[in-house]
Structures are given as structure tokens and as C-alpha cells.
Amino acid sequence: MIPYGRQDINQADIDAVVDVLKSDWLTQGPVVPRFEQAVASLVGARYAIASNSATSSLHLACLALGVGSGDYVWTSPVSFVASANCARYCGASVAFVDVDIDTGNMSIDALAAMLAKAEQDGTLPKVVIPVHLAGQSCDMEAIGALANRYGFSVIEDASHAIGGRYKDQPIGNCRFSDIVIFSFHPVKVVTSGEGGMAVTNNERLAERMALLRSHGITRDTDAMKNKPDGPWYYEQIELGYNYRMTELQAALGCSQMDRLAGFVSRRHEIARVYEDRLSGLPLSFLRQQPWSYSAYHLFVIMLDLERTRKSRLEVFEQLRSGGIGVNLHYIPIYRQPDFQRFGQLAEHFPNAEAYYARAISIPMYAGLTAERQEEVISVIRGVLP
Ligand SMILES: *Cc1c(COP(=O)(O)O)cnc(C)c1O
């Protein structure tokens, strides 16, 4: 089976991890800040806080922005559940904003309409979390303008998007947002095994995320309530978590960061070949905005169900039995039984529903060879004549 995505680990990656195993530090030592620095400087953000997953980083970001019970957090339904769960960990309510049918990203029109209504109802969100689906940025300038007008904070879920660009600037520089989150899960563009990172230009948010990452414990005497009674002294000043990243993860992450540009340009080559060789079939691609340089975490085809005589299920099963490890990103989150408590029904989301009815993710990863990509293309052409 040719998978839809997979990690690419070379000898330098292995050596970096082995070096850490022979060192004095296995968890959060000198390599974690080196990884943080590498990401911050690549994306052009001032501060970076690593954690054990993007899910943890999303939680830290919501906490740092003061999300709590009684608050509303809005995100995209076409995402992994983590984009919404972070709000629920803080006791907040979640609402979803419909997507743009051509890109699968949060629709600016739908967001503006929901905000106008929420202003009247007194239910404006504290935080909005746009998700850069498949690695293409949402229209952050438009979202930033709405954030200024309505007074909400913005966390970009850029789990798919490290190495991508928006309007000629790297995704992650927080130009139109408060915090940007990256994931280093093995299937993402670069990996640390498991891992996440929050970047921000706001020193106070950075300090809070660093504090809450490690139990809310500080050794900074200025931040303490009491006077230290000895050199062993530390204080827990609020309730935090153990969300620390290990040195092993950071070493792999650092080594992978050196390869990021190559990974993303290879993903672009693969995308060009798919667009060329699959055009004319009853399918379309996610539209790439003129200002976007995607990181291409995923490559999604959208079936033209009027032109195929097969259902999406048949196409999916035939691709799988042809040895192509296709997948579906994503089941709209409001469809999950555990999200039905928020009372948003499928009929509120015509575009997310249309997307869900048609989308299939086909293999996209830097290590996909030209020969294997040809195999994928010929199976697709056979299934969708
Ligand atoms: C993968 C992913 C996450 C969660 O990442 P982890 O590092 O696995 O916690 C969050 N949001 C989106 C959109 C993702 O794809």
C-alpha cells in the first residue's frame, strides 16, 4: 500500500537522536531551545515554545489567551478534532464557521456573517482558530481585520503549514494573529516523532505558555509569591501541565528543520505532476490562491460526483484495493457525537458538507518517488476513466 503520507528519516536525523541518547539530557535540556530557535527564526517570530504535541500547544495557547468557561471559541469544521478540543479543555463552548468550497479553508464571508449576528446576540468569540487546510494559509489579512473590528484573538492552527508562505511572508510570523501552532506528528511536513510548537511575538503570551507547559512552576524569584528559603526552592504559581518535549524529539526536529525547504519544494513538484496528469478526469483540486505558497501537507482531490458514475465510497474502496492508501481529511467535526452538545447541525454547513461528500487525500510526501507517483496516477486513471 502506498500511504497518503509518511515521514522521511535519513542518517543525519538518526545520528542527531543517537547523539542525544549519549548526552546528559534526555528531557528538556539544551536541544529543545535550539529547536525552538530554529523554528522561530525560520518563520520570523520572536518567541517559540515547544511541547509534546500540537494538541498540547493549542491548549497552552488557549490558556495563555485567557479562554475559560463561558467563552466561545470558533474554528473550522474541516479539521482534526484537536483544533476544537483545545477550547473544551478550557471549559469554553465551540462553534464552527463554514468553509470556502474551493479551498476548504474558513470562509471569510461566513465568518463575517456569524460575527455580525453574534454581536447582536452577545455571543462574540474570545478566540478564532483558522486552520490552514492541507498547508495553504487562510486569508489571514481578512481575518486579522475582523479580529480588530470585533476584538477577538486569533490562533492559527498551522499544523499542516510549516514551510508555507502567505503574501510573500512565512506562515508563522504572527503578522495577523496572536499565536501560531505547528505539529511535528510523523505524517506532517517535518517530524519530531510527536511534538508541537507555539510561536508568538508577544512576550507575555510566551511566558505564560512556557510556565503552563511545566506545571505552572517557576524558579524566577521575581515571579514568586514568597521569599525562597533555600537554593532548592521553586514555586507553583498556578495550575499547569507536563507538556514538555524531550531532547530526543527536539534533536529529530532540529535535524528535520534543515531539510524543510527541500521537503516543501519536493511536495510542490509532486503537486504539479498530479495537476498535470490528473486533469481532464472527473475531479478537481483545492484551489490555490494567487498569494499562497502551500506547504502541501496533504493533496486532496475533489470528485465531480455528477460526472463520475461511481459513488465516493466506491472510488475510495477501489483506490484502496488498487494499493493506494487514500484517506479522508476530514469528517466535519460537528458530525462527531461528542460535539453535538453544541447544537450545530450539518445543514448549517453547506460547504463543509459538500467538501466532505467529495474529498479524498491521495499520497503526498517528500519521499514519494516519481515511479510510485506514476503508479498512483495510473490506478486513479483506471478507477476514474
Ligand atoms: C495533526 C493536527 C493537529 C494535532 O497535532 P498533534 O501534534 O498530533 O497533536 C491539530 N490540528 C490539525 C489541523 C492537525 O492536522
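Please work out which one of (1) closer than 20 Å to Arg204 by Cβ; (2) assigned to a loop (DSSP other than H, G, I, E, B); (3) in contact with a helix residue (DSSP H, G or I) (Cβ under 8 Å, 6 or more places away or on another chain) is the condition Leu58 fails and give its number.
With respect to (1) closer than 20 Å to Arg204 by Cβ; (2) assigned to a loop (DSSP other than H, G, I, E, B); (3) in contact with a helix residue (DSSP H, G or I) (Cβ under 8 Å, 6 or more places away or on another chain), Leu58 is out only on (2).
Hey, among the residues in the stretch 115-140 that are within 16 Å of the ligand (Cβ to nearest atom) and among the small types (Gly, Ala, Ser), which one's surrounded by the most Cβ atoms within 10 Å (Cβ to Cβ)? Working first, answer last.
First, the residues of the stretch 115-140 that are within 16 Å of the ligand (Cβ to nearest atom): 127-138, 140.
The next check asks that each one be among the small types (Gly, Ala, Ser); those that pass are 134-135, 137.
Numbers: Ala134: 27, Gly135: 28, Ser137: 30.
Within the stretch 115-140, the match that is surrounded by the most Cβ atoms within 10 Å (Cβ to Cβ) is Ser137.
For the structure I just gave you, tell me whether Tyr296 is crowded, with 18+ Cβ neighbours inside 10 Å, modelled with pLDDT of 95 or more and part of a loop (DSSP other than H, G, I, E, B).
Judged against the criteria, Tyr296 is a match.
If a residue must be part of a helix (DSSP H, G or I) and near the ligand (Cβ under 9 Å from one of its atoms), how many such residues does the stretch 61-84 contain?
2
Just to verify a result, which residue in the stretch 182-203, among those that are near the ligand (Cβ under 7 Å from one of its atoms) and in a strand (DSSP E or B), is farthest from Gly325 (Cα to Cα)?
Gly196
Yes/no per residue for (1) in contact with a Phe, Trp or Tyr (Cβ under 9 Å, 6 or more places away or on another chain); (2) among the aromatic types (Phe, Trp, Tyr); (3) within 16 Å of Ile270 (Cα to Cα):
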residue	(1), (2), (3)
Ser294	no, no, yes
Glu306	no, no, no
Pro337	no, no, no
Tyr365	yes, yes, yes
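Is at least one residue of the stretch 340-361 in a loop (DSSP other than H, G, I, E, B), touching a residue at least 12 places away in the same chain (Cβ under 8 Å) and among the hydroxyl-bearing types (Ser, Thr, Tyr)?
no
Could you identify the single residue in Ala161, Ala147, Ala112 that is within 16 Å of the ligand (Cβ to nearest atom) and either in contact with a helix residue (DSSP H, G or I) (Cβ under 9 Å, 6 or more places away or on another chain) or not in a loop (DSSP other than H, G, I, E, B) (or both)?
Residue meeting the stated conditions: Ala161.
If you scan the stretch 43-54, which residues turn out to be crowded, with 19+ Cβ neighbours inside 10 Å and either out of contact with any strand residue (DSSP E or B) (no Cβ under 7 Å at 6 or more places or on another chain) or not in a helix (DSSP H, G or I) (or both)? Show your work before the answer.
Of all residues in the stretch 43-54, those crowded, with 19+ Cβ neighbours inside 10 Å come to 43, 45, 47-54.
Within the stretch 43-54, Ala45, Tyr47, Ala48, Ile49, Ala50, Ser51, Asn52, Ser53 meet the criteria.
Could you tell me which residue of the stretch 246-293 is nearest to Tyr166 (Cα to Cα), considering only residues that are part of a loop (DSSP other than H, G, I, E, B) and charged (D, E, K, R)? Lay out the reasoning, then the answer.
Going through the stretch 246-293, the residues part of a loop (DSSP other than H, G, I, E, B) turn out to be 258-259, 278-282, 286-291.
Imposing the further condition that a residue be charged (D, E, K, R) reduces the set to 258-259, 287.
Numbers: Asp258: 21, Arg259: 20, Arg287: 15 Å.
Across the stretch 246-293, the extreme among qualifying residues is Arg287.
The values are calculated or read from the model by the stated rules, or taken from the named source; none is laboratory data. The model shown is predicted, which means the values in this text are computed figures rather than measured ones. Because the Cβ atoms are built from the backbone with ideal geometry, glycine has one as well, and the counts that use them run over all protein chains shown.
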